[in-house]
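Remarks on the structure that follows.
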Amino acid sequence: MSRLFFIIFILILSIIRLPLSILIVVIRPLVPFIRKRLNFERKNFLEESSLSFKRENLKADYCFEVSSEGELEQVRPLLEAVLQKEKRVEIIFSSPSVETKCQAIYKERPLQVRLLRLPILSSSPFSLLYFQSVWEWVSAPVVVFCRYDFFPELLMMKFFGKKFVLVSGAFKKMSWYKRECFKFFDTVVAATDNEAVLFKNLLGKNAKVYSCDFRIPRITDRANNAQLAFDKKPFLKNYLDKLKSLPASEKIIFGSMWASDLAVLRNDKLLSLVREKKMNLLLVPHKLDDEFVLSLKEACEVYFGASHVQLVSEATPYDNQASVVILQTGGVLCELYTLFSASYVGGGYERSIHSVLEPFFSNNAVVVGPKTQRSTEIDLALEVVPGEIHVLSRADSFYNVIESINLSSMDLNARERFRQKTAEEMQAIIKGLLG
């Protein structure tokens, strides 16, 4: 009965999207956020990359749905394997943050790839004027979801005969809606071994359930080719040369930072070392817009003094003076972790910590804030090496924790064994998924 109710529920949600979209379009001039989002979705009408394969009397082989850059990285090994087999691919993405990377994939293989910005505010069961139908756009028989974006109109494609695959599936923040969504999937690649057990119990013996985090081989590849990424950012050369020359004990990287994370800097010894240029801090903001980045810079200047803080970007290369750098550029955080042995990952004083796998598998000692409940990544890291992810009970204890870590005693061999094991498992899973 619960199952039938859920199907009726998502069907109703899908059908009423058109009147809701009409209302949203009507109030568009009054709400800047809505106007910005609708303009983003409207690009689907204007760009050749968004022309549906159906319009060309063609059919895709796979459709990938990703919400943002993190999800694209998680499915990327599978996506690349599909493209290497010369298959056609549709990519649906919902965040502007991942648009550039999706467009780069299209430019590399324009005959194989089509892109769709998920019409969250202009969705409709059928395409009409300003409104867009995912049902009419998707042609692939297999739809690959990543993590948790279970929009009703996407789920309804199951009743069009689509096969559903879930990558990085996890039971974190479980709800009735999420549990019922899981039952739509034919194949699941769970985030951890423990999550795989939960999926097997839920879906039964006929479901295909694997356990593997596809990001780990991707992180390894990016770490091994870090210099290639750095070479694409020539304005960073002076600063990178300095980082490479510093001993591990004199530098810390802070990834995906929010203003709320800056409380971890409240330590007299840390402040003194930075002002004396005996400690160097690199802060990579979670958002790169000017307002967000400048607010972090101003807060850091209160801690350390303006002369010790520099905002580094393509327009303002490093001046060889500041001991605190705030980096306003994207696409290299994973690679930057390879130049450090100690890192702090932000978000633990917001909704949840961000990715710990990148620093962890770049052989960093990792410190995070207290909000870890939503993260399967920390669960996986602690399965590999218990005790080498450090969760703060108090923000101002950060530097005390850093000083207590014996970097030479970290079990890097366990991380390497897990990297190799995961790479082998991933190839086997991809082979199984692609046939």
Strands (runs of 3 or more DSSP E) enclosed by segment 51-118 - at least 3 residues per element that are open to solvent by 30 Å² or more (accessible area, probe 1.4 Å) and not polar (S, T, N, Q): none
- request: Considering (1) under 22 Å from Phe171 (Cα atoms); (2) of a type outside the set (S, T, N, Q); (3) buried (at least 20 other Cβ atoms within 10 Å of the Cβ), say which one Val366 fails and leave the rest.
  value: (1)
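Using the structure shown, decide if Asp261 is buried (at least 16 other Cβ atoms within 10 Å of the Cβ) and acidic (Asp, Glu). Please lay out each step first, then the result.
Working: buried (at least 16 other Cβ atoms within 10 Å of the Cβ): yes; acidic (Asp, Glu): yes.
Against the criterion (buried (at least 16 other Cβ atoms within 10 Å of the Cβ) and acidic (Asp, Glu)), Asp261 qualifies.
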task: Taking the residues in segment 332-347 that are within 16 Å of the chain's Cα centre (by Cα) and in a loop (DSSP other than H, G, I, E, B) as candidates, determine which candidate is surrounded by the fewest Cβ atoms within 10 Å (Cβ to Cβ).
output: Val332
Conditions (1) open to solvent by less than 10 Å² (accessible area, probe 1.4 Å); (2) in contact (Cβ under 8 Å) with a residue 40 or more places away in the chain; (3) over 21 Å from the mean Cα position of the chain (by Cα): number failed by Met157: (2)
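The rows are residues; the columns are (1) touching a Lys or Arg at 6+ places or on another chain (Cβ under 6 Å); (2) among the charged types (D, E, K, R); (3) surrounded by 13 or more Cβ atoms within 10 Å (Cβ to Cβ); (4) assigned to a helix (DSSP H, G or I).
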residue: Leu240; (1), (2), (3), (4): no, no, yes, yes
residue: Phe254; (1), (2), (3), (4): no, no, yes, no
residue: Ser272; (1), (2), (3), (4): no, no, no, yes
residue: Lys278; (1), (2), (3), (4): no, yes, no, no
residue: Leu282; (1), (2), (3), (4): no, no, yes, no
residue: Leu288; (1), (2), (3), (4): no, no, yes, no
residue: Val293; (1), (2), (3), (4): no, no, yes, yes
residue: Glu298; (1), (2), (3), (4): no, yes, no, yes
residue: Ser307; (1), (2), (3), (4): no, no, no, yes
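Here's the yes/no breakdown for (1) within 20 Å of Glu358 (Cα to Cα); (2) modelled with pLDDT of 95 or more; (3) of a type in the set (D, E, K, R):
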position: Pro217; (1), (2), (3): yes, no, no
position: Asp221; (1), (2), (3): yes, no, yes
position: Ala226; (1), (2), (3): yes, yes, no
position: Lys242; (1), (2), (3): no, yes, yes
position: Asp261; (1), (2), (3): yes, yes, yes
- request: Scan (1) open to solvent by 60 Å² or more (accessible area, probe 1.4 Å); (2) free of Cβ contacts under 8 Å to residues at least 60 places away in the same chain; (3) not aliphatic (A, V, I, L, M); (4) not in a helix (DSSP H, G or I) for the single condition Phe33 breaks and write down its number.
  value: (4)
message: Given (1) within 26 Å of Glu425 (Cβ to Cβ); (2) open to solvent by 10 Å² or more (accessible area, probe 1.4 Å); (3) touching an Asp or Glu at 6+ places or on another chain (Cβ under 6 Å), identify the lone condition not met by Val142.
response: (3)
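The values are calculated or read from the model by the stated rules, or taken from the named source; none is laboratory data. Given the structure is predicted, the values throughout are model-derived calculations rather than measurements. So basically every Cβ, Gly included, is an ideal-geometry build from the backbone, and we count neighbours across all protein chains shown. Please note that ligands, DNA and RNA were not included when accessible areas were found on the heavy atoms of the full protein model with its side chains. Shrake-Rupley method; radii C 1.70, N 1.55, O 1.52, S 1.80 Å.
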